[in-house]
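I'd like to ask some things about the structure below.
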Amino acid sequence: MKQVILMRRTYGGFGLHQQQRTKLHMTPQLQQAVKILQMPAPELRAFINEQLEDNPLLEQADWSAASGSSAVSYRNSGDYDSLRHVPGQTETLEQHLLEQLNVDLDESEEMKRIVGYLIGNLDASGYLTLDIQWLAVQLEVDQALVEQALQILQQLEPAGVGARSLSECLKLQAERLPECHPLLMSLIEDYLEDVAFAHIHKLKQRLKACEADIAEAIAQLKSLQPRPGASFQTGTPGYVVPDVIVRAAGEEGQFMVTLHDAVFPRLLINGEYERLAQSANRTEETGLFLHARRSAAAFLIRCLEQRRVTLLRVTEAIVEEQAGFFQFGPSQLRPMTLLDIADKLGLHESTISRAASGKFAMTPWGTYELSFFFPTGFNKGHDDAISAESVKARLKELIRTEGDSPYSDQQLADAFAQEGIPISRRTVTKYRESLGIASSIHRKR
């Protein structure tokens with residue numbers, strides 16, 4: 001904390017005044033400690049490797065010493081168990097579109113609701129295959145509003161999303177081209193089949209154009225994306241490295257939390273350089289260099305150790321508070337806030353946020369980001385509190401056992417109410433769509 005004295009001059013007979021206030025001042029060392037705590041695993045690993053390269057006094061501890069063998073230091077080892085890696089979740093087309101809708105567009109909440117419903121009903125290619133009139137009935141709005149919502153959807157990225165046919169998809173993309181070939185729209189609207197079968201002679205006759213112009217237009221046509229949603233499904237999957245591992249202990253209901261040390265081993269100060277630093281004259285250039293590097297190395301080691309301790313404490317507290325999840329799975333996840341863990345550990349809420357952000361835990365039920373364990377929910381503060389994930393799990397169970405007469409969203413909401421879970425029909429619809437479950441009409445079919 002730093003005190004700041006402000007001098008303020010006013011006029012009209014007031015003169016000078018002093019105002020004293022307390023202001024938080026973060027030193028470079030504190031900034032580095034906060035940064036290290038917040039780093040996700042891959043970024044931290046890269047940072048450690050950079051420090052090992054830059055500071056000759058740092059080296060990576062050999063964990064064979066823990067088993068009683070002689071300690072042999074090694075530097076810049078990238079060895080770790082690749083089987084500990086698990087696929088990370090990449091952004092879906094729905095998430096990509098909803099972010100644009102909620103952040104970039106200035107539309108009414110009602111219009112956002114309609115557009116969001118359309119987004120939730122796009123197929124894997126980004127096409128809208130449902131009838132506009134049917135959608136209007138489902139949403140209980142005028143058909144004109146659905147058509148307006150469709151126009152808004154078709155303005156979003158990627159270009160071509162929300163199309164109802166291949167030709168409409170290509171046309172939406174062509175309209176955004178900075179230089180659209182004069183023949184391109186004609187090819188899209190009337191001659192896609194001829195292009196597909198390379199009927200160039202036929203195209204020359206009908207378009208009254210030379211072969212070179214037709215070839216240029218076809219080349220531009222082929223540069224368009226017939227499946228705008230495809231880029232959100234293919235490609236190399238992302239990977240996450242779990243920072244912590246939660247395993248069942250010997251006793252039932254007990255769990256052990258360990259750090260993934262194979263990925264993030266401890267650092268230590270090289271003994272040989274340490275002796276040189278102690279014997280070097282601090283007034284000489286070499287001595288100044290060694291002492292500065294030693295101080296930097298010692299501080300980095302303290303920061304990394306503090307990160308380890310904080311991450312362990314936070315994860316252990318999460319395991320205690322979310323015991324139902326670790327014993328029985330996601331259906332037992334309870335609502336919890338960062339402040340709950342902060343109060344439990346006597347830390348600031350921002351520290352918990354930094355410790356949880358971008359960190360992953362490998363659990364008996366899969367690998368989850370630590371922020372997953374802080375869900376919103378219903379009846380928080382009561383014994384029957386339940387998270388959104390738990391509601392989704394119960395929703396899937398209700399629909400699975402509904403039989404030949406599918407429940408409407410309102411009936412599902414009523415069923416939740418009977419179980420003491422206050423949830424609206426609109427929320428049921430939202431959760432059902434996020435799970436990829438069709439409406440009662442389509443389930444009946």
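The values are calculated or read from the model by the stated rules, or taken from the named source; none is laboratory data. Source: prediction; values computed, not measured. Glycine gets a Cβ as well: all are built from the backbone with ideal geometry, and neighbour counts include every protein chain shown. Ligands, DNA and RNA are stripped out before the accessible areas are found, and what is left, the full protein with its side chains, is counted by its heavy atoms. Shrake-Rupley method; radii C 1.70, N 1.55, O 1.52, S 1.80 Å.
Exactly one of (1) touching a residue at least 40 places away in the same chain (Cβ under 8 Å); (2) in a loop (DSSP other than H, G, I, E, B) is unmet by residue 138. Its number?
Of everything listed in (1) touching a residue at least 40 places away in the same chain (Cβ under 8 Å); (2) in a loop (DSSP other than H, G, I, E, B), residue 138 misses just condition (2).
Let me ask you something else. Does residue 266 satisfy the criteria of being modelled with pLDDT under 90, open to solvent by 60 Å² or more (accessible area, probe 1.4 Å) and farther than 30 Å from residue 338 by Cβ? Even if it seems obvious, please write down each step before you answer.
On the way: modelled with pLDDT under 90: yes; open to solvent by 60 Å² or more (accessible area, probe 1.4 Å): yes; farther than 30 Å from residue 338 by Cβ: no.
Considered against the rule, which asks whether it is modelled with pLDDT under 90, open to solvent by 60 Å² or more (accessible area, probe 1.4 Å) and farther than 30 Å from residue 338 by Cβ, residue 266 comes out as no.
Same structure again: Does the stretch 281-291 contain any residue that is modelled with pLDDT under 90, outside any helix (DSSP H, G or I) and among the hydroxyl-bearing types (Ser, Thr, Tyr)? Let's see the steps before the verdict.
Of the residues in the stretch 281-291, the ones modelled with pLDDT under 90 are 281-291.
Filter once more, so that each one left must be outside any helix (DSSP H, G or I): 281-284.
Next, from what is left, pick out any that are among the hydroxyl-bearing types (Ser, Thr, Tyr): 283.
Checked against the condition, which is being modelled with pLDDT under 90, outside any helix (DSSP H, G or I) and among the hydroxyl-bearing types (Ser, Thr, Tyr), the stretch 281-291 yields at least one hit.
Report whether or not residue 296 is farther than 15 Å from residue 355 by Cβ, surrounded by fewer than 18 Cβ atoms within 10 Å (Cβ to Cβ) and either without any contact (Cβ under 8 Å) to a residue 60 or more places away in the chain or in contact with a Gly (Cβ under 7 Å, 6 or more places away or on another chain) (or both). Don't jump to the end; show me each part of the working.
Values: farther than 15 Å from residue 355 by Cβ: yes; surrounded by fewer than 18 Cβ atoms within 10 Å (Cβ to Cβ): yes; either without any contact (Cβ under 8 Å) to a residue 60 or more places away in the chain or in contact with a Gly (Cβ under 7 Å, 6 or more places away or on another chain) (or both): no.
Here the answer is no, as residue 296 does not meet what is asked.
Then there's this: Just to verify a result, which residue in the stretch 311-364, among those that are free of Cβ contacts under 8 Å to residues at least 24 places away in the same chain and not in a helix (DSSP H, G or I), is surrounded by the fewest Cβ atoms within 10 Å (Cβ to Cβ)?
By that ranking, first place goes to 346.
Which of (1) open to solvent by 30 Å² or more (accessible area, probe 1.4 Å); (2) over 33 Å from the mean Cα position of the chain (by Cα); (3) among the hydrophobic types (A, V, I, L, M, F, W, C) does residue 290 not meet, given it meets every other one?
(1)
Let me ask something additional. Out of curiosity, is residue 253 open to solvent by less than 40 Å² (accessible area, probe 1.4 Å) and either on the phi > 0 side of the Ramachandran plot or touching a Phe, Trp or Tyr at 6+ places or on another chain (Cβ under 9 Å) (or both)? Don't jump to the end; show me each part of the working.
Values: open to solvent by less than 40 Å² (accessible area, probe 1.4 Å): yes; either on the phi > 0 side of the Ramachandran plot or touching a Phe, Trp or Tyr at 6+ places or on another chain (Cβ under 9 Å) (or both): yes.
Against the criterion (open to solvent by less than 40 Å² (accessible area, probe 1.4 Å) and either on the phi > 0 side of the Ramachandran plot or touching a Phe, Trp or Tyr at 6+ places or on another chain (Cβ under 9 Å) (or both)), residue 253 qualifies.
If I filter the stretch 141-158 down to residues being touching a residue at least 12 places away in the same chain (Cβ under 8 Å) and in a helix (DSSP H, G or I), which single residue comes out as surrounded by the most Cβ atoms within 10 Å (Cβ to Cβ)? Please lay out each step first, then the result.
Keep residues of the stretch 141-158 that are touching a residue at least 12 places away in the same chain (Cβ under 8 Å), which gives 141, 145-150, 152-154, 156-158.
Still in the running and in a helix (DSSP H, G or I): 145-150, 152-153.
Working: 145: 15, 146: 23, 147: 12, 148: 16, 149: 27, 150: 19, 152: 17, 153: 22.
Restricting to residues being touching a residue at least 12 places away in the same chain (Cβ under 8 Å) and in a helix (DSSP H, G or I), the top hit is 149.
Mind counting the residues in the stretch 83-120 that are modelled with pLDDT under 70 and either open to solvent by less than 80 Å² (accessible area, probe 1.4 Å) or not in a helix (DSSP H, G or I) (or both)?
The number of residues fulfilling the criteria is 8.
Let me ask another. Could you say which residue among 44, 37 is at pLDDT 80 or above, part of a helix (DSSP H, G or I) and touching a Ser or Thr at 6+ places or on another chain (Cβ under 7 Å)? Don't jump to the end; show me each part of the working.
Details: 44 fails: touching a Ser or Thr at 6+ places or on another chain (Cβ under 7 Å).
The match here is 37.
Same structure, new question: From the set of residues in the stretch 191-213 that are among the charged types (D, E, K, R) and exposed (fewer than 10 other Cβ atoms within 10 Å of the Cβ), which is farthest from residue 167 (Cα to Cα)? Show your work before the answer.
The initial filter retains those residues of the stretch 191-213 that are among the charged types (D, E, K, R), namely 193-194, 202, 204, 206, 208, 211, 213.
Going one step further and asking which of them are exposed (fewer than 10 other Cβ atoms within 10 Å of the Cβ), we end up with 193, 208.
Working: 193: 11, 208: 22 Å.
This residue is 208.
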